[in-house]
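Written out below as structure tokens is the structure these notes cover.
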Amino acid sequence: MLRGLGRTQGTTKTQIVLSALRSVFEENFLEKKTILLPEDQYQALVELVGSPLTTQEIEGRKKLKKVPDWNL
């Protein structure tokens, strides 16, 4: 599935996964759930979540929302 989505969106599997995970982490941070991570992983996550969505991520989310039965 990731390979196919990557081809149709002109992106990598990694970018698709990172985009999807971003929303999961945003939800957890907004709900103030505790997530324990080693310091280096925490800093990497803060940098990733704090960075703005790329145009490619925004467009990818729009395309994925059109797929039936996917709750994104």
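The values are calculated or read from the model by the stated rules, or taken from the named source; none is laboratory data. Quick caveat: nothing in here was measured; it's all calculated off a predicted structure. Cβ atoms come from the backbone with ideal geometry, glycine included; neighbour counts cover every protein chain shown. Accessible surface areas use protein heavy atoms only, side chains included; no ligands, DNA or RNA. Shrake-Rupley method; radii C 1.70, N 1.55, O 1.52, S 1.80 Å.
Considering only residues in the stretch 54-72 that are among the charged types (D, E, K, R) and outside any loop (DSSP other than H, G, I, E, B), the one that is modelled with the lowest pLDDT turns out to be 65.
Of everything in the stretch 14-36, what is outside any helix (DSSP H, G or I) and either among the polar types (S, T, N, Q) or closer than 21 Å to residue 56 by Cα (or both)? Give them in sequence order.
Going through the stretch 14-36, the residues outside any helix (DSSP H, G or I) turn out to be 31-36.
Of everything in the stretch 14-36, just one residue is outside any helix (DSSP H, G or I) and either among the polar types (S, T, N, Q) or closer than 21 Å to residue 56 by Cα (or both), namely 34.
Applying the selection to the stretch 38-48, what residues are of a type outside the set (S, T, N, Q), part of a helix (DSSP H, G or I) and loosely packed, with under 13 Cβ neighbours inside 10 Å?
We begin by selecting, within the stretch 38-48, every residue of a type outside the set (S, T, N, Q); these are 38-40, 42, 44-48.
Next cut, part of a helix (DSSP H, G or I) only: 39-40, 42, 44-48.
Within the stretch 38-48, 39, 40, 42, 44, 47, 48 meet the criteria.
Would you please name the residue that is farthest from residue 48 (Cα to Cα), looking only at residues in the stretch 3-13 that are open to solvent by less than 70 Å² (accessible area, probe 1.4 Å) and in a helix (DSSP H, G or I)? Result: 4. Checked against the criterion of being more than 16 Å from the chain's Cα centre (by Cα) and open to solvent by less than 70 Å² (accessible area, probe 1.4 Å), the candidates 16, 35 yield just one match: 35. If the condition is being more than 11 Å from the chain's Cα centre (by Cα), surrounded by 11 or more Cβ atoms within 10 Å (Cβ to Cβ) and within 24 Å of residue 5 (Cβ to Cβ), then the stretch 19-32 contributes only 28.
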